[in-house]
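As structure tokens, the structure follows; a few thoughts come after it.
The values are calculated or read from the model by the stated rules, or taken from the named source; none is laboratory data. Bear in mind that the values here come from a model prediction, so they are computed numbers and not experimental data. A quick note on method: Cβ atoms are made from the backbone with ideal geometry, for glycine too, and the neighbour counts reach across all protein chains shown. Calculation scope for accessible area: heavy atoms of the full protein, side chains included, ligands and nucleic acids excluded. Shrake-Rupley method; radii C 1.70, N 1.55, O 1.52, S 1.80 Å.
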Amino acid sequence: MIRTLISAVSGALVLLSASAQAQSTPLEVSYDPSIPDMESFAGYDFGEVITPPEDLQAYLRVLETAAPERIRVFEYATSWQGRTLSYAVIGSAEMLARMDEIQANMQSLAFPQTQSAAQLDAIISEQPAIVWLGYGVHGDEITPGDAGIRTAYHLLAAQNDPTVEAILDNTLVIIDPDQNPDGRARFVHGFQNALGLEPQADRAAVEHEQPWPRGRMNHYLFDLNRDWFTMSQPETQGRVREMLRWFPQAVVDSHEMGGDSSYFFAPSADPFNPHISEAQRAAQEIIGRNNGRYFDQLGYDFFTREIFDAFYPGYGDMWPTMQGAVAMTYEQGSPRGLVWRRQDGSLLTYADGVDRNFVASVSTAEAVAQNREFFLRNFVDFRRGSFVDGGDEAIVLDRASNPWNSERLARSLARQGIEVQRLEGGQALCGARFEDGAFLVRFDQAAGRLARTLLEPTTELPADFMEVQEERRERGLGLELYDVTAWSLPLMHNIDHTLCRRAPGVTGSRVGADDAVPSQIASGDASYGYAIAWTDAGQAALILDLLREGIAVRTSEAEFRIGDDVFPAGSAVVIRHGAPPELDFTINRLAREHGAALVPMASSWVDEGPNPGSNLFHQMIAPRVAMAWDEGTSALSAGATRYVLEQRYGQPVTIIRARSMSRADLSRYDVILLPEQGFPSYSSTLGSAGREALTRFVRDGGTLVGLGDAVRWMSEGDSSFLPLQRERAADTPRDAQDGDADTVDGVILANDDEREAREAEAGTMPERSPGALFYVEANPDAWMSSGYENGAAALVTGSNIFAPVPVDAAVTAVRFAEADEVLAGGFAWDEFTDQLAQKPFVVQRRMGRGHVIGFTQSPTTRAYIEGLDLMLLNAVLLGPAHSSVLR
């Protein structure tokens, strides 16, 4: 019934604009009737209907059946909701017959150090360039998907077309029509529910207003365009794996933007990541000029070199760029439905967007085909140049500093095609000693530029770009940055590391992406039980599994020592008495699964610190965790937090709509999480009734945890949960004027400095951090800081800085480091850095029988700050253990 309604409506839509019918075939070409078009497959033409994700995939299979010698379809991932992700490889019959050979040749070109110059020349002379066209990584950016399947049809069905023939003779085109099927399905479902008799162009119409969480994100509400080096989601994992099989020379990541904009294509905006080569920038220019030629001929508006920069390596264009591709973001103004009225009164139709994305796709493939050898040699030179640019430098990751995270990071790098070597312990390298082993990453390798930008503490912003930003700042304008400025993986994984100006002359065993994590199970008498050090998130994951198995665990709030083994605060013991008879088998099995460390205990005697029978030990429970959801919360924060707990640590999370929190039976839970606020805020969705319900929950022994901006709501009003206050900018204080508000005292301004001081906004907040990493330090007397004796790094975004908390009001468990040491990586203005120093990062407060915990910056952003996972688990596991609830 819906299909019938949608088709009828789309037929009416064509009559809305005289341009719609004319633009349905923007390129003059005749098509082979033996290749099924969209009309014969789905009953509508390209661009008339928002094709659901399952039909995008099915149409590729229809094309494969019709022309199996020129198109092959491969499944590469399955989404969380069970939807298939596929890509099509399209080329001439001759090229498709050589597909395995072509793929093998690309591996040779990608690792040029394995080939002689003559061998590389021979391969390039016969090798097609690989063009990868990806569409709709954000599920509510809808026209790219239909443009993708239209491009596939065009390449297969166009007859006697010189452009298509050149593309098929000189390239293999890979088309991934739907990078986010779960998000697209969510958008289509909402759109169809809102659609009436005919589509509405009014931007206020419900069909353009997506309900929370919108279709942009995948099932776990991740922005997949920020997940490329994190690879937390199955969609990204599959794409990375396939890109490393094909190593494309040109990549398009096709998006949408606001409906009042035209079309963006490369060249990218400043800043450019310094590891991008000049040849890559020149190649963007070649493609951009060809796109501009097509758009001019068809009367399509476009713009370049604005907004969409090429700096952050986690984008869908930047990660392939760091592998050697010429990768670009394309952005089409979105109708967010079938028709959208722009501010100037003109109509933007779905067909318009499909047309433009389709034309840009064909133009890009043509530009690469016309410059096949240039793109191939550019790719080889980039990969070979990594050996030169990397010099003899390297980085060594200290396994002992964080065994769980260092093992995870080593495998993640290997999964991205970066060579990582495992080194044995007891070695002195680059001025540091590594007693318990290390991981070595050399920068003189084919993926060396990617390795460097991911692992160095800071990727410097270009000096000329920063000069412009300084000038803008003086004029009161903001930073021209599209994303964060810091992403150093050793910092974000809380791993001690050493940069080597000369790579050490040692070799180790190469780390594989799927290697098992080695465990450390000490031998000895376990008559009494086992001790588990609270040193990393892998140890906490082991304890979570033990609790779910029904095995009793106690945690210590003070350090203790058994022989030579020192167990920091938070460490746990498992007592044999009362445990299941299969305790040894179970705990050793789980320790091996997590690569965890166990120390057997012959008795409860300890050489220093509390014994397990002390009141300083607390019984742990398998926590029952709930989290606020839906309106009022940030979808990205809620999704990332849920993902970290559920998928990384196996902790189920019950999601409760924020508006329902006041009606829910919160006594069923031990921990309630408030992710960052969205729009509307918690003041609207939780309200006073929700605040009262959460207050009862905490006073009765629950643990309430607020993340990032949620702390603002938790600190509001007379009945606040936390005694936190946001600071105004330190350099712009101004007292309110006394007397009549309509008049102020007159002043004489002698110069620009005095004028600027008067023009400064009264009570302004600190300048926003664009996203930098800052060191945090632990309060050793707070259980929330357990496992962080040596501190960590936190990602700071926005302008929230909170004033120091009086010690009699709450405990600052973790605070930012001193001003001369606080900035760990990335960029922030000096004034912001100085003001942030020594301010609260984590605050804990006893309230009745329970606890309130506030993170002033979220530890779960994008699920990529893994070094803070243990701190989140402190709240989830240690919070209930330290409550006074009667069980």
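Worth a mention:
Here's the yes/no breakdown for (1) within 30 Å of residue 99 (Cβ to Cβ); (2) without any contact (Cβ under 8 Å) to a residue 12 or more places away in the chain; (3) of a type in the set (Val, Ile, Thr):
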{"position": "164", "(1), (2), (3)": "yes, no, yes"}
{"position": "168", "(1), (2), (3)": "yes, no, no"}
{"position": "172", "(1), (2), (3)": "yes, no, no"}
{"position": "178", "(1), (2), (3)": "yes, no, no"}
{"position": "181", "(1), (2), (3)": "yes, no, no"}
{"position": "188", "(1), (2), (3)": "no, no, yes"}
{"position": "191", "(1), (2), (3)": "no, no, no"}
{"position": "197", "(1), (2), (3)": "no, no, no"}
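- Check on residue 563, over 21 Å from residue 878 (Cβ atoms) and open to solvent by less than 50 Å² (accessible area, probe 1.4 Å): yes
- Filter result for residue 746 (outside any helix (DSSP H, G or I), surrounded by fewer than 19 Cβ atoms within 10 Å (Cβ to Cβ) and at pLDDT 60 or above): yes
- Any chance residue 857 is within 30 Å of residue 884 (Cβ to Cβ), polar (S, T, N, Q) and modelled with pLDDT of 95 or more: yes
- Of all residues in segment 767-793, those that are within 14 Å of residue 837 (Cβ to Cβ) have Cβ atoms under 7 Å from Cβ atoms of residues that are modelled with pLDDT of 95 or more and acidic (Asp, Glu), 6 or more apart or on another chain, in 775/821; 791/777.
- Boolean, residue 305 is assigned to a helix (DSSP H, G or I) and surrounded by fewer than 18 Cβ atoms within 10 Å (Cβ to Cβ): no
Results for (1) open to solvent by less than 10 Å² (accessible area, probe 1.4 Å); (2) touching a Phe, Trp or Tyr at 6+ places or on another chain (Cβ under 7 Å); (3) more than 30 Å from residue 188 (Cα to Cα); (4) touching a residue at least 24 places away in the same chain (Cβ under 8 Å), shown as yes or no for each residue.
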{"position": "90", "(1), (2), (3), (4)": "yes, no, no, yes"}
{"position": "111", "(1), (2), (3), (4)": "no, no, yes, yes"}
{"position": "116", "(1), (2), (3), (4)": "no, no, yes, no"}
{"position": "128", "(1), (2), (3), (4)": "yes, no, yes, yes"}
{"position": "134", "(1), (2), (3), (4)": "yes, no, no, yes"}
{"position": "140", "(1), (2), (3), (4)": "yes, yes, no, yes"}
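- All strands (runs of 3 or more DSSP E) inside segment 569-627 with 2 or more residues being open to solvent by less than 10 Å² (accessible area, probe 1.4 Å) and touching a Lys or Arg at 6+ places or on another chain (Cβ under 9 Å): 572-575
- The requirement of being assigned to a helix (DSSP H, G or I) and either modelled with pLDDT under 95 or out of contact with any helix residue (DSSP H, G or I) (no Cβ under 9 Å at 6 or more places or on another chain) (or both) is fulfilled nowhere in segment 719-735; no residue meets it.
- Filter pass, residue 337 being modelled with pLDDT of 95 or more and either under 18 Å from residue 167 (Cα atoms) or touching an Asp or Glu at 6+ places or on another chain (Cβ under 8 Å) (or both): yes
- Any hit, segment 229-240, residues being out of contact with any Ser or Thr (no Cβ under 9 Å at 6 or more places or on another chain) and closer than 23 Å to residue 153 by Cβ: yes
- Candidates 64, 54, 28: the one that is under 23 Å from residue 168 (Cβ atoms), in a helix (DSSP H, G or I) and acidic (Asp, Glu) is 64.
- Checked across segment 49-58, the condition of being open to solvent by less than 10 Å² (accessible area, probe 1.4 Å) and farther than 15 Å from residue 184 by Cα holds for no residue.
- Criterion (closer than 24 Å to residue 486 by Cβ and open to solvent by 10 Å² or more (accessible area, probe 1.4 Å)) met by exactly one of 274, 320, 234: 274
- Of all residues in segment 698-708 being crowded, with 24+ Cβ neighbours inside 10 Å and not in a loop (DSSP other than H, G, I, E, B), the one that is nearest to the chain's Cα centre (by Cα): 707
- Screening segment 184-205 for residues that are under 28 Å from residue 222 (Cβ atoms) and of a type in the set (D, E, K, R) and picking the one that is least open to solvent (accessible area, probe 1.4 Å) gives 184.
- Residue among 686, 673, 704 that is under 30 Å from residue 593 (Cα atoms), at pLDDT 95 or above and among the hydrophobic types (A, V, I, L, M, F, W, C): 673
- Considering only residues in segment 67-83 that are in a strand (DSSP E or B) and open to solvent by 40 Å² or more (accessible area, probe 1.4 Å), the one that is nearest to residue 41 (Cα to Cα) turns out to be 72.
- Filter result for residue 285 (open to solvent by 10 Å² or more (accessible area, probe 1.4 Å), over 16 Å from residue 249 (Cβ atoms) and without any contact (Cβ under 8 Å) to a residue 60 or more places away in the chain): no
- Annotation: of all residues in segment 519-558 being closer than 22 Å to residue 496 by Cα and open to solvent by 50 Å² or more (accessible area, probe 1.4 Å), the one that is nearest to the chain's Cα centre (by Cα) is 535.
- Candidates in segment 237-267 are the residues that are in contact with an Asp or Glu (Cβ under 6 Å, 6 or more places away or on another chain) and acidic (Asp, Glu); of these, the one that is surrounded by the most Cβ atoms within 10 Å (Cβ to Cβ) is 253.
- Selection count where residues are part of a helix (DSSP H, G or I), open to solvent by 10 Å² or more (accessible area, probe 1.4 Å) and among the polar types (S, T, N, Q), scope segment 440-463: 0
- For segment 797-812, the candidate set comprises residues that are in contact with an Asp or Glu (Cβ under 9 Å, 6 or more places away or on another chain) and not in a loop (DSSP other than H, G, I, E, B); within that set, the residue that is most open to solvent (accessible area, probe 1.4 Å) is 811.
- Set 229, 264, 187: member being more than 30 Å from residue 80 (Cα to Cα) and either under 25 Å from the mean Cα position of the chain (by Cα) or of a type in the set (Ser, Thr, Tyr) (or both): 264
- Just one residue in the set 464, 496, 545, 515 is out of contact with any strand residue (DSSP E or B) (no Cβ under 7 Å at 6 or more places or on another chain), modelled with pLDDT of 95 or more, of a type outside the set (Phe, Trp, Tyr) and over 24 Å from residue 645 (Cβ atoms); that residue is 464.
- Matching residues in segment 822-834 - criterion: being of a type outside the set (A, V, I, L, M) and either crowded, with 23+ Cβ neighbours inside 10 Å or in contact with an Asp or Glu (Cβ under 9 Å, 6 or more places away or on another chain) (or both): 825, 826, 827, 829, 831, 832
- Tabulated pairs, segment 48-74, first without any contact (Cβ under 8 Å) to a residue 60 or more places away in the chain, second acidic (Asp, Glu), C-beta under 8 angstrom, 6+ apart or interchain: 72/64; 73/64
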